[in-house]
Amino acid sequence: MISLSKKWGILISISIVVLLAGCQEETSGSAAEEETNDATEIEEIVGIEPGSGTMDIAEKAMEEYDLSVELTPSSEAAMLTELETAIENQEPIVVTLWQPHWSFREYDLKFLEDPQETLGESENIHTMVREGLEDEQASAYQLLDNFYWEIEDMNKVMANFRSDDVEPREAAAEWIENNRDEVDAWMEDIDPVEDEEIELAYVNWDTETASTNVVALVLEELGYDVELTMVDMGIAFEALSSGDVDGMLIAWLPVGAASYYEEYKDEIVDLGPNLEGAQQGFVVPEYMDIDSIDDLPTN
């Protein structure tokens, strides 16, 4: 027969075992939940259009860090859809992204640190024109040369035309109305024209859509008939070098558009930055427990 003291000892022992098992299960559950936001869960980096400057430097980073994840080509729209879905479900995701970009106002995002600086620390967006524009269309040349704004300016335009029923041209017009002093400074001492045409190339990115629409409206104020032509980055450089378009405001340097710039720099005119302090790289949601590219899985 088991004594009363032994019975109580057995009951206490069983209770302790059950309690410890429950704690272990709870701890394991918490750990599993944390791991869903850990770098070990990452199997791919969601990219954009193949052949873009962003993808070129992303591929170099993959090699430099010897990453074992896959760099998946996509489009900006498809990449952002995957990012939004992952954030809604609090899932881990890594994307190629840049700033300025409206998504940084919409979501809590962060750039992964790049200790080897393969993705570049800072980018500027340059305005470029065809050879001969200064002599043939001096007013347009001067306006394009004068155009300069800040990241926050661009973000305001982008955030506006992502609203319901607001087109990029409308968002650009609203920004111009609210920043009249800045726009007047661009136009200072520039002679108006009559019935002159000018064509600007741009890529289908929100950043370049914003700047190109703002400049187009100001050129129209000067009297120009402005045509906007949407093309890929490489085609924009080629068209500018051949004189098929007059200008563009889309060249990310020294990294993003470097390959195209090196190929065509002797056949185009670089007017310098229209925006400084831009950045591109690998981006993750803030909730992910990862801060550096070094934290991603390697071979």
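The values are calculated or read from the model by the stated rules, or taken from the named source; none is laboratory data. These numbers were taken from a predicted model, which means no experiment stands behind them. Quick reminder, even Gly has a Cβ in these numbers, built from the backbone with ideal geometry, and neighbours come from all protein chains shown. Keep in mind that these areas ignore ligands, DNA and RNA; they rest on the heavy atoms of the full protein, side chains included. Shrake-Rupley method; radii C 1.70, N 1.55, O 1.52, S 1.80 Å.
Within segment 237-258, the set of residues being open to solvent by 10 Å² or more (accessible area, probe 1.4 Å) and either in contact with a His (Cβ under 6 Å, 6 or more places away or on another chain) or in a helix (DSSP H, G or I) (or both) comprises 238, 239, 241, 242, 253, 258.
On the given criteria, is residue 118 surrounded by 23 or more Cβ atoms within 10 Å (Cβ to Cβ) and of a type in the set (S, T, N, Q)?
On the way: surrounded by 23 or more Cβ atoms within 10 Å (Cβ to Cβ): no; of a type in the set (S, T, N, Q): yes.
It is false that residue 118 is surrounded by 23 or more Cβ atoms within 10 Å (Cβ to Cβ) and of a type in the set (S, T, N, Q).
Could you tell me whether any residue of segment 48-63 is in contact with a helix residue (DSSP H, G or I) (Cβ under 9 Å, 6 or more places away or on another chain), modelled with pLDDT of 95 or more, open to solvent by less than 10 Å² (accessible area, probe 1.4 Å) and β-branched (Val, Ile, Thr)? No: zero hits. Residue 234 satisfies every condition listed in (1) free of Cβ contacts under 8 Å to residues at least 60 places away in the same chain; (2) out of contact with any strand residue (DSSP E or B) (no Cβ under 9 Å at 6 or more places or on another chain); (3) surrounded by fewer than 20 Cβ atoms within 10 Å (Cβ to Cβ); (4) under 28 Å from residue 77 (Cα atoms) except (1). Of all the criteria given as (1) in a helix (DSSP H, G or I); (2) at pLDDT 85 or above; (3) over 18 Å from the mean Cα position of the chain (by Cα), the one not satisfied by residue 91 is (1).
Applying the criterion of being within 18 Å of the chain's Cα centre (by Cα) and not in a strand (DSSP E or B) to the residues of segment 123-153, the residue that is nearest to residue 222 (Cα to Cα) is 149.
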